[in-house]
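Written below as structure tokens is the structure these notes are about.
The values are calculated or read from the model by the stated rules, or taken from the named source; none is laboratory data. Owing to the predicted nature of the structure, the values given are computational and were not obtained by experimental measurement. Neighbour counts run over all protein chains shown; Cβ positions are idealised from the backbone, glycine included. With ligands, DNA and RNA removed, areas are computed over all heavy atoms of the protein, side chains included. Shrake-Rupley method; radii C 1.70, N 1.55, O 1.52, S 1.80 Å.
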Amino acid sequence: MHTHLDRLEAESIRILRETVAECRKPVLLYSIGKDSSVLLHLLLKAFHPAKPPLPMLHVNTTWKFREMIEFRDRTAREKNVDLIEYINQEGVRQGTDPVHDASRHTYVLKTQALRAALTEHGFDAAIGGARRDEDPARAKERVFSLRGAGQRWEPRKQRPEPWGVYNTRLAQDETLRVFPLSDWTELDVWLYIRREGIEVVPLYFAKERPTFVRNGALLVRDDERVPLEPGEKLVPKMVRFRTLGCWPLTAAVESDAADLDSVIGEMLDTRESERAGRIIDLDPSDSMERKKREGYF
Amino acid sequence: MKATSDTMVGELEAAAPALAARLAALENRDTLRFAMCGSVDDGKSTLLGRLLAEAGMVPDDRLAQMIRDSKKHGTCGGGPDYALLLDGLEAEREQGITIDVAWRYFGTDRRAFIVADCPGHAQYTRNMASGASSAELGVVLVDARAGVVTQTRRHAAILAMFGVQRVLFAVNKLDLIDYNHARYHAIEHECAQLAHDLGIEHADAIPVSAINADNLVKHSPATPWYTGKPLLEYLETVRVDRKVDAAFALPVQWVNRPDHKFRGYAGTIVGGRVAPGNEVVVLPSGRLSRVTRVIGGSAELEAAEAGQAVTLTLADQIDVSRGDVIADPTLPPEVAAQFACHLLWLDDTALLPGRRYLMKRATHTIGAQVTEIKYRIDPDTQAQLAATRLGANEIGVCNLSLDSEIAFRPYQDDRRLGGFILIDRDTNATVGCGTLDFGLRRDRNVQWQQLDVDRAARAKIKGQSPRCLWFTGLSGAGKSTIANLVERRLLADGFHTILLDGDNVRHGLNRDLGFTDADRVENIRRVAEVAKLMMDAGLIVLVSFISPFRAERRMARDLIGEAGFMEVFVDAPLGVCEERDVKGLYAKARAGKIANFTGIGSPYEAPESPEIHLRSDQESASDCASRVVKILVD
């Protein structure tokens, strides 16, 4: 009998193969986080011994941790996968401010940039690592999620997916978002990383890092672009991250968990959900659904 | 000091192996997929939310958010509304209903649970399909005050149709019947009867109260007469038969050809086991070969079994494509193109027999039509009702005909090889889903006659390529006039032609047909079939039909074949056509004497990319005809 992880793995591989078999020009959205690492691992398994027949796309907001970018480049090189980096140059030129206007920053450098990248390259299907357990708004999204013109999500017009038989047919201007990890939980992801020995960005493990506190969030200063305000000072602390994003928008947690087992152990005891570390989601409770309708992943 | 630090080290040393053991246990736990359903006010979301909270599986920040939201949207007078832990969409909060299947995930050290939380509202019955299709257990909520109601029957019937063989009836709101044992016992009996009537093998029941957390995680003192397991323990321990066929079968999903040296067939095994050296048959072609390698991820496997995603290589260079099924040749799946099936209709536009859809099943997509609705099933009584169409949420038993044969197993033996969806060719919507019950042998009785003289031979002695010119446009746009001119010129040039005119065909071949949706489809189908026969005779066929709907013209194109079909759009504005009104029909329609007249009471859907586009209000009929002849002859 197969274990829970076996079944999740097989289903995700089936979804990846289905995407490649049915879509004209698919792409894998690579965000460098642990879910992306799992996704890439599954992609390599799905098409072995062939090289994955699709590229990876990283939408870079230019505010990612430096360790993330190093990890990204090394991974693409070692795994021999084509990597496309997309930066919304116009947005960067205008200058967004992740500190004082986080929602605009996310909208311009993430949502808008992703839409532009997909359109520019003509990708008809974008595979992402989002999981349904991350947020109530994601609980109802399909594995193959149809996006209309403008890449908008219409929660009321979703296609049923009985038996995992996916309808991938598209009209002009329509695209698909595909979520092979839909049925995984955060715990599943970590257990699978452990079982398969998948490498993840070291930021997930506790280490002494230069921290400061702003608006109640514990931040790790990754570069000089954000000046410290009066009263703020850098304090070295043992911290790690549960989720990775733009550094000024990603809160760290104090932790001694320096290896994989301790990280999972801490997670099993924790009483706070994963996205709570993301400053951008703290607005009204509906913020995720609203962002999705606008075309956010 | 020393003692303290020794103790700490000791604790740490003890904790690490304990953690490692726990992680190993978690890594090896199994899954239960269940569908949760019930009528709209039975308190389904509340039950699930409360179960998760009681079991300590809801993070603090999400609990806090729920308590905040309860004050704004809650239905518990500002007190904690556990349903809000689950309802994710703005619209459903505003409406207070759960409009779509929501997927929930939780787990204990024993088992991981994947829950399809199905909508209770009658109009969203169709949304249960996704949830029920993958469920190993159905949990049906019953309101203790009402007992088994219509929606309970409908949900149980859908679970049964989707092959869910174990159902748990959670009899909720027991507090509102004062934990009355006799009343509970009567409901339990009703539920068992319902399951029996539907052919569900195993039925269980648990008395609960979501509001008071009775029998969710712990035995409730309020129900001393209940000796079974509380809900969570039941879910952790219930045995479910994952029915997979014993014989090996793998629908080919992707042909992996990185270079000329390697050719592998990737897919997920739906039944049985496979190992290198096994003989296999490829269906529907029937070619035989032998497995040389079984690859799982990057590893060479000694064997693989149902549920695993693998890549196989074969000993022989044979033609295998996506959609084919590689199988055990001693117990192969059947091959058929005609089926008896159960069909659940999902779309607001009704199913019409004879209309052409796409069917997707496992890894295969193919043209399909429902040739006959045998009967519709009454959701309340399971009675068989006569039906000519199926509306949204209705279930029927139908005959299904595919464009070519596929390898399949009946749904009750194999969900993956027997479960399908139907897709509308125009809207691309998933309009229906169903189960292949058995193959119809019709094909074997009506063999295709082996024809020695074929279309190409007949066309050759006429010195032409058979074509179908399909003239479409409003009444009065000039279709018949132009088609007549085209035919005359072709004849003059020595071509062999035939003209099929809408009005004339309706006087003869199709005089039994009216103007209902079903009759319109049949009208076009017959004309397209006749046109196809005449093309087989080697003729150039001119069809002059208003054919206002894209779907109809698409059907004709599909039947006739892309290669020989040319859509000719005779385009003139409605005003111009109405002014001409050669037959006086517009006047009658305006006077209300003709219902559904195209352009007045019924729409005309202009072609999006016709092969030929004529503007008959700007060019003369003669010029239009010349253009058509020129394009055809060139």
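For segment B:543-569, the tally of residues that are over 25 Å from B:Gly514 (Cβ atoms) and either touching a Leu at 6+ places or on another chain (Cβ under 8 Å) or not assigned by TED's automatic domain parsing to the domain that holds B:Leu490 (or both) stands at 3. Flag not set for B:Gly508, criterion: assigned by TED's automatic domain parsing to the domain that holds B:Ile600, within 17 Å of B:Phe569 (Cβ to Cβ), out of contact with any strand residue (DSSP E or B) (no Cβ under 8 Å at 6 or more places or on another chain) and open to solvent by less than 50 Å² (accessible area, probe 1.4 Å).
With within 16 Å of the chain's Cα centre (by Cα) and basic (Lys, Arg) as the only criterion, which of B:Arg409, B:Arg376, B:Arg415 stands out? After ruling out the rest, the residue left standing is B:Arg415. Within segment B:117-146, the set of residues being in contact with a strand residue (DSSP E or B) (Cβ under 8 Å, 6 or more places away or on another chain), over 22 Å from B:Val270 (Cα atoms), modelled with pLDDT of 85 or more and among the aliphatic types (A, V, I, L, M) comprises B:Val139, B:Val140, B:Leu141, B:Val142, B:Ala144. The numbered conditions (1) away from chain B (no Cβ under 14 Å); (2) open to solvent by less than 40 Å² (accessible area, probe 1.4 Å) are all true for A:Gln158 except (1).
The listed residues are B:Val255, B:Val282, B:Val270, and the only one of them that is surrounded by fewer than 17 Cβ atoms within 10 Å (Cβ to Cβ), at negative phi and under 26 Å from the mean Cα position of the chain (by Cα) turns out to be B:Val255. Counting the residues of segment A:137-167 that are assigned to a helix (DSSP H, G or I), closer than 19 Å to B:Pro119 by Cβ and either touching a Pro at 6+ places or on another chain (Cβ under 9 Å) or touching a residue at least 40 places away in the same chain (Cβ under 8 Å) (or both) gives 2. Of the numbered criteria (1) open to solvent by 50 Å² or more (accessible area, probe 1.4 Å); (2) in contact with a Cys (Cβ under 7 Å, 6 or more places away or on another chain), the one B:Gln618 fails is (2).
Is it the case that segment A:173-181 has a residue that's farther than 21 Å from A:Thr270 by Cβ, crowded, with 18+ Cβ neighbours inside 10 Å and at the interface with chain B (Cβ under 9 Å from one of its Cβ atoms)? Checked segment A:173-181: no residue is farther than 21 Å from A:Thr270 by Cβ, crowded, with 18+ Cβ neighbours inside 10 Å and at the interface with chain B (Cβ under 9 Å from one of its Cβ atoms). Can we say B:Ile421 is surrounded by fewer than 19 Cβ atoms within 10 Å (Cβ to Cβ) and within 14 Å of another protein chain (Cβ to nearest Cβ)? It is false that B:Ile421 is surrounded by fewer than 19 Cβ atoms within 10 Å (Cβ to Cβ) and within 14 Å of another protein chain (Cβ to nearest Cβ). Scanning segment B:166-181 for residues that are crowded, with 19+ Cβ neighbours inside 10 Å and either acidic (Asp, Glu) or part of a loop (DSSP other than H, G, I, E, B) (or both) returns B:Lys173, B:Tyr179. Taking the criterion of being charged (D, E, K, R) and closer than 20 Å to B:Ala595 by Cβ, the residues of segment B:501-520 that qualify are B:Asp503, B:Arg506, B:Arg511, B:Asp512, B:Asp517, B:Asp519, B:Arg520. Hey, can you tell me all the residues within segment B:586-603 that are in contact (Cβ under 8 Å) with a residue 60 or more places away in the chain and open to solvent by less than 50 Å² (accessible area, probe 1.4 Å)? Once the filter is applied, which keeps residues that are in contact (Cβ under 8 Å) with a residue 60 or more places away in the chain and open to solvent by less than 50 Å² (accessible area, probe 1.4 Å), segment B:586-603 yields B:Tyr586, B:Phe597, B:Thr598, B:Gly599. Checked against the criterion of being touching a Phe, Trp or Tyr at 6+ places or on another chain (Cβ under 9 Å) and among the aliphatic types (A, V, I, L, M), the candidates A:Ala117, A:Ala102 yield just one match: A:Ala117.
Among the residues of segment B:522-537, those identified as modelled with pLDDT of 90 or more and open to solvent by less than 20 Å² (accessible area, probe 1.4 Å) are B:Val527, B:Ala528, B:Ala531, B:Met535. Note on segment B:14-33: residues that are open to solvent by 50 Å² or more (accessible area, probe 1.4 Å) and either facing chain A (nearest Cβ under 7 Å) or of a type in the set (D, E, K, R) (or both) total 2.
Scan segment B:45-60 and give yes if some residue there is aliphatic (A, V, I, L, M), buried (at least 18 other Cβ atoms within 10 Å of the Cβ) and modelled with pLDDT under 85, otherwise no. Within segment B:45-60 (the criterion being aliphatic (A, V, I, L, M), buried (at least 18 other Cβ atoms within 10 Å of the Cβ) and modelled with pLDDT under 85), the answer is yes, since at least one residue qualifies. Whenever a residue of segment A:88-100 is over 23 Å from A:Glu229 (Cα atoms), its partners that are open to solvent by less than 90 Å² (accessible area, probe 1.4 Å), lying with C-beta atoms within less than 6 angstrom and at least six residues away or across chains, give the pairs A:Asn88/A:Leu109; A:Asn88/A:Ala113; A:Gly91/A:Val108; A:Gly91/A:Leu109; A:Val92/A:Thr62.
A search for C-beta distances below 8 Å between a residue of segment B:286-299 that is within 13 Å of chain A (Cβ to nearest Cβ) and any residue that is part of a loop (DSSP other than H, G, I, E, B) and of a type in the set (Asp, Glu), counting only pairs 6+ apart in sequence or on different chains, returns B:Val294/B:Glu302.
Among the residues of segment B:490-505, those that are modelled with pLDDT of 85 or more and open to solvent by 40 Å² or more (accessible area, probe 1.4 Å) comprise B:Leu491, B:Phe495, B:His496, B:Ile498, B:Leu499.
For segment B:215-229, state whether one or more residues are modelled with pLDDT under 95, within 37 Å of the chain's Cα centre (by Cα), open to solvent by 60 Å² or more (accessible area, probe 1.4 Å) and assigned by TED's automatic domain parsing to the domain that holds B:Leu47. No. Residues in segment B:285-304 that are over 23 Å from B:Ile406 (Cβ atoms), within 33 Å of the chain's Cα centre (by Cα) and either at pLDDT below 95 or of a type in the set (A, V, I, L, M, F, W, C) (or both): B:Val294, B:Ile295, B:Gly297, B:Ala303, B:Ala304. Taken over segment A:182-209, the criterion of being more than 14 Å from every other protein chain (Cβ to nearest Cβ) and open to solvent by less than 50 Å² (accessible area, probe 1.4 Å) is satisfied by A:Val200, A:Val201, A:Leu203, A:Tyr204, A:Phe205, A:Ala206, A:Arg209. Listed by position, the strands (runs of 3 or more DSSP E) inside segment B:308-423 whose residues that are of a type outside the set (Asp, Glu) and closer than 25 Å to B:Asp197 by Cα number at least 3 are B:334-345, B:364-377, B:395-408.
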